[in-house]
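Worksheet: the structure to be examined is printed underneath.
The values are calculated or read from the model by the stated rules, or taken from the named source; none is laboratory data. No experiment lies behind these values; they were computed from the predicted model shown. Here the Cβ is made from the backbone with ideal geometry for all residues, glycine too, and neighbour counts use every protein chain on show.
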Amino acid sequence: MNSDKDIKVWQMAIDLAVNCYQLTRKFPREEVYGLTAQMRRAATSIAANIAEGHGREVTGSFIQFPRISQGSLKELETHMLISHRIGLIDESEFRQMTGMCDEIGRKIRALIRSLQEK
């Protein structure tokens, strides 16, 4: 991998963050400092941590950052579930976003395993 942009899960995490921004644009104004900010921060953290780990250029350091990405992914999933339950996200949006999260989670775990084998 020459660049973090070559990592498929990084690309998918960018797409997830963009979708999260589009989704939260519809949230009520009173959520701008609540769920909107929390979801956006967690979503952008997923790709950012993968990129930061790749930038360390040392496998041992790199492994730590996808693990942080996993935590951010779980945080985003929690915020989405809350948003869904209180009616800010409809069923189809929730399924789409959680589907993306599931796939990214699998890819992050695969990335970690591949780094541990080095």
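Things worth noting here:
- For the range 50-77, a tally of residues being without any contact (Cβ under 8 Å) to a residue 40 or more places away in the chain and in contact with a Pro (Cβ under 7 Å, 6 or more places away or on another chain) returns 1.
- Taking the criterion of being of a type in the set (K, R) and farther than 30 Å from Q64 by Cβ, the residues of the range 22-50 that qualify are R25, K26, R29.
- Criterion: closer than 14 Å to W10 by Cβ, at pLDDT 95 or above and crowded, with 20+ Cβ neighbours inside 10 Å - qualifying residue of L73, L111, L88, L35: L73
- Residue in the range 88-100 that is in a helix (DSSP H, G or I), in contact (Cβ under 8 Å) with a residue 12 or more places away in the chain and in contact with a Cys (Cβ under 8 Å, 6 or more places away or on another chain) present: yes
- Exactly one residue among S3, S61 is small (G, A, S), at pLDDT below 95 and in contact with a Gly (Cβ under 8 Å, 6 or more places away or on another chain), and that residue is S61.
- Some residue of the range 40-50 being of a type in the set (V, I, T), more than 27 Å from A110 (Cβ to Cβ) and assigned to a helix (DSSP H, G or I): no
- Being within 19 Å of C101 (Cβ to Cβ) and in contact with a Cys (Cβ under 7 Å, 6 or more places away or on another chain) is a condition met by no residue of the range 30-37.
- Residue in the range 15-23 that is in contact with a Ser or Thr (Cβ under 7 Å, 6 or more places away or on another chain) and without any contact (Cβ under 8 Å) to a residue 60 or more places away in the chain present: yes
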